[in-house]
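Asker: Pasting a structure here, questions to come.
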Amino acid sequence: LISVDAAGALQAAQRIDAMRDSGQTLPRLAGLPIVVKDNINTAGLPTTGGTPALRAVRPKSNAPSLQKLLDAGAIVIGKSNLHELAFGITSTNLAPFAGAVKNPYDRTRIPGGSSGGTAAAVAARIVPAGLGTDTGGSTRVPAALCGIVGLRPSVGNGGAQRRYTDTGAVVPISHTRDTVGPMARSVADIALLDAVITGSPVATAASLRGLRLGVPASFWDGLDAQLAAVVGQARARLSAAGVVFVDVDLPGLQTLNNSVSFQLALHEPIADIPAYLAATGVSGITLQDIAAQVASPDVKGAFGAILADAFGKDYEAALRVHRPKLQALYADYFATHRLDAMLFPTTVAPAVPIDLAAGSGKISINGGPLVDTFGTFIRNTDPGSNAGIPGLSLPAGLTAGGLP
């Protein structure tokens with residue numbers, strides 16, 4: 001956690017106790033302690049984005065999704081650490097007031113990111129649930145590495161089709177891709193939080209018998225051997241429960257995704273971060289000020305590309321040509337094969353050791369050549385993010401080494 005609001009949490013709890021003592025009807029989440037990723041606006045508490053330039057930012061209002069949880073009686077005990085400015089998947093934040101988040105299953109390893117603080121707090125049983133954000137995998141990757149459940153809600157076209165409406169109330173990366181997402185220890189808890197945020201009925205359990213799940217081979221290639229054993233057993237359990245697997249790939253997916261991903265995530269911050277600062281009432285801080293004070297080397301590199309607008313020339317084509325093609329590929333995949341969902345490992349490897357030098361460096365899978373940590377861990381989550389479709393990361397078990 002970057003900050004803890006002990007006094008505010010106790011006051012909120014006392015208000016709920018008083019309601020109970022006086023016989024009032026309690027709201028649905030009365031007394032539920034949660035943590036909130038420190039890039040989500042919280043009234044009266046700092047929203048730092050995990051970066052030095054924003055350390056003193058105190059929004060005057062809560063992000064809409066958080067406000068719905070508070071109205072239902074949830075209690076914020078603190079703001080959770082994150083990969084600096086949410087630009088990464090390790091949550092190794094080298095800002096002096098933040099630091100590297102540790103995985104509760106092995107504190108020498110990453111919890112995933114960028115919502116690693118929320119995932120670690122939930123997995124460590126500090127709180128039952130919390131809020132993260134997801135641009136390319138940032139609720140689902142840490143959920144996978146910490147053995148909890150993480151939801152990325154639909155964003156659709158990035159505007160009116162959004163399931164959650166928090167644009168302008170979260171330190172942004174990409175208005176097209178960003179979304180708040182709940183994180184908890186069970187799907188039932190996620191369904192309840194989602195229902196409260198959206199004002200919709202709580203989702204009910206689907207029957208597994210006859211459920212049609214697409215299994216794209218490219219999402220299952222190159223897995224860490226211990227992880228492969230765990231997800232293989234999970235697939236066998238689903239098959240025994242009556243799930244129908246449709247083994248068919250999505251040809252051309254990665255090529256299309258590569259034409260969308262960085263083109264959005266490293267261009268849209270140029271307008272989105274100043275727009276957030278204005279909406280939150282922050283004056284005297286510019287995008288250039290934020291970039292100049294970034295503490296983590298990997299994030300510093302990303303902001304170099306942003307300030308140079310390295311992907312600006314490709315942005316319009318990414319948004320108006322390649323992203324619609326990516327969405328059409330998914331839509332055709334589901335329709336042609338009559339699929340209810342897809343099944344694949346959230347990540348290709350379990351948690352890797354913390355790299356304090358780089359924030360996010362390189363790793364080896366099964367003793368193979370060194371590969372980029374960031375690209376490796378978002379491989380399976382990024383395409384769905386760019387298409388705007390929802391994703392849910394579910395615990396499948398523990399590796400032989402004891403990692404989720």
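Asker: Among ASP166, ASP17, ASP382, whose mean-square fluctuation peaks in a Gaussian network model of the chain (Cα, cutoff 10 Å)?
Answerer: Largest GNM mean-square fluctuation: ASP17.
Asker: Same structure again: For THR51, what residues show an amide H to amide H distance below 5 Å, using hydrogens built from the backbone and excluding near sequence neighbours?
Answerer: LEU85
Asker: Now for a separate question. Divide by every residue of the chain the summed helix terms, -39500 (n - 2.57) for each DSSP H run of at least 4, and state the resulting mean residue ellipticity at 222 nm, rounded to the nearest 500 deg cm²/dmol.
Answerer: -9500 deg cm²/dmol
Asker: A further question on this structure: What Kirkwood Rh does the range 329-374 have if only Cα atoms enter the pairwise 1/r average? Answer in Å.
Answerer: The answer is 13.6 Å.
Asker: Follow-up question, since we're still on this one. Quick one: with all protein chains in place, what share of the accessible area of the range 54-167 is carbon or sulfur, to the nearest percent (1.4 Å probe)?
Answerer: 49 percent
Asker: Once every Cα of the range 239-284 carries one equal point scatterer and solvent is ignored, give the base-10 log of I(q)/I(0) from the Debye formula at q = 0.17, 0.32, 0.33, 0.34 Å⁻¹, two decimals.
Answerer: After summing over all Cα pairs, the log10 values are -0.68, -1.05, -1.07, -1.10.
Asker: Ordered by residue, what ³J(HN,Hα) values in Hz, to whole numbers, does the range 47-59 give under the Karplus form 6.51 cos²θ - 1.76 cosθ + 1.60, where θ = phi - 60° and Gly and Pro are x?
Answerer: Per-residue couplings from phi come out as 10, 8, x, x, 9, x, 5, 9, 4, 9, 6, 10, x Hz.
Asker: Hey, another quick one. Could you run the Debye sum over the Cα atoms of the range 211-255, one equal point scatterer each and no solvent, and tell me log10 of I(q)/I(0) at q = 0.32 Å⁻¹, two decimals?
Answerer: -1.12
Asker: Hey, another quick one. How would the range 20-85 be classified by its alpha-carbon gyration tensor: rounded, prolate or oblate, with rounded meaning a/c under 1.5 and the a/b versus b/c comparison settling the rest?
Answerer: prolate
Asker: Using alpha-carbon pairs under 8 Å, 6+ residues apart, how would you state the relative contact order of the chain in percent?
Answerer: 20 percent
Asker: Which lysines, if any, have their Cα less than 28 Å from the Cα of LYS37, not counting same-chain residues under 8 positions apart?
Answerer: Excluding near neighbours in sequence, the set is LYS60, LYS68, LYS79, LYS102, LYS300, LYS362.
Asker: Could you check what % of the DSSP bridge pairs in the chain are antiparallel, to the nearest 5?
Answerer: 60 percent
Asker: For the range 9-57, what value does the Rg/Rh ratio take when both radii are computed over Cα atoms and Rh is the Kirkwood radius, given to two decimals?
Answerer: Ratio of gyration radius to Kirkwood radius for the range 9-57: 1.16.
Asker: So how strong a dipole does the chain carry about its Cα centre when Lys and Arg Cβ are +1 and Asp and Glu Cβ are -1, to the nearest 20 debye?
Answerer: 640 debye
Asker: OK, next. At a temperature of 10 °C and a viscosity of 1.306 mPa s, determine how fast the range 254-354 diffuses translationally according to Stokes-Einstein, using the Kirkwood radius over alpha-carbon pairs as Rh; express D in µm²/s, rounded to the nearest whole number.
Answerer: Stokes-Einstein gives a translational diffusion coefficient of 96 µm²/s.
Asker: Using the charge dipole of the chain (Lys, Arg: +1 at Cβ; Asp, Glu: -1 at Cβ; taken about the Cα centre), state which of VAL149, LEU307, THR176 has its Cα farthest towards the positive end.
Answerer: So the residue we want is VAL149.
Asker: Of all DSSP beta bridges in the range 115-229, what percent run antiparallel (nearest 5)?
Answerer: The antiparallel fraction comes to roughly 100 percent.
Asker: Alpha carbons only, please: Rg and Dmax for the range 299-404, in angstrom.
Answerer: Both quantities, over Cα of the range 299-404: 17.3, 47 Å.
Asker: Still on this structure, please answer the following. Please report, in cubic angstrom per residue, the volume enclosed by the convex hull of the alpha-carbon atoms of the range 179-312.
Answerer: 197 Å³
Asker: Using the Cα centre of the chain as origin and beta-carbon charges of +1 (Lys, Arg) and -1 (Asp, Glu), tell me which of LEU287, GLY113, ALA241 is placed farthest towards the positive end of the dipole.
Answerer: ALA241
Asker: How big, in percent, is the set of alpha carbon pairs in the chain lying more than 41 Å apart?
Answerer: Percent of Cα pairs beyond 41 Å in the chain: 10.
Asker: Quickly rank 74-86, 116-128, 335-347, 141-153 as a protection proxy: mean count of other C-beta atoms within 10 Å, highest first.
Answerer: 141-153, 74-86, 116-128, 335-347
Asker: Shape of the range 47-187 from its Cα gyration tensor (a ≥ b ≥ c, root eigenvalues): rounded if a/c is under 1.5, otherwise prolate when a/b > b/c, or oblate?
Answerer: It comes out rounded by the Cα gyration axes.
Asker: Separate question: What accessible area per residue comes out for the range 41-196, rounded to a whole number of Å², with a 1.4 Å probe?
Answerer: 28 Å²
Asker: Let me ask something else about it. Give the Cα extents of the range 109-178 along the principal axes, in whole Å, largest first.
Answerer: If we take the Cα atoms of the range 109-178, the spans are 36, 21, 18 Å.
The values are calculated or read from the model by the stated rules, or taken from the named source; none is laboratory data. On a predicted model such as this, the values are computed, not experimentally measured, just so you know. Cβ: placed from backbone, ideal geometry, glycine included. Neighbour counts: every protein chain shown. Areas reflect the complete protein model, heavy atoms only, side chains present, ligands, DNA and RNA absent. Shrake-Rupley method; radii C 1.70, N 1.55, O 1.52, S 1.80 Å.
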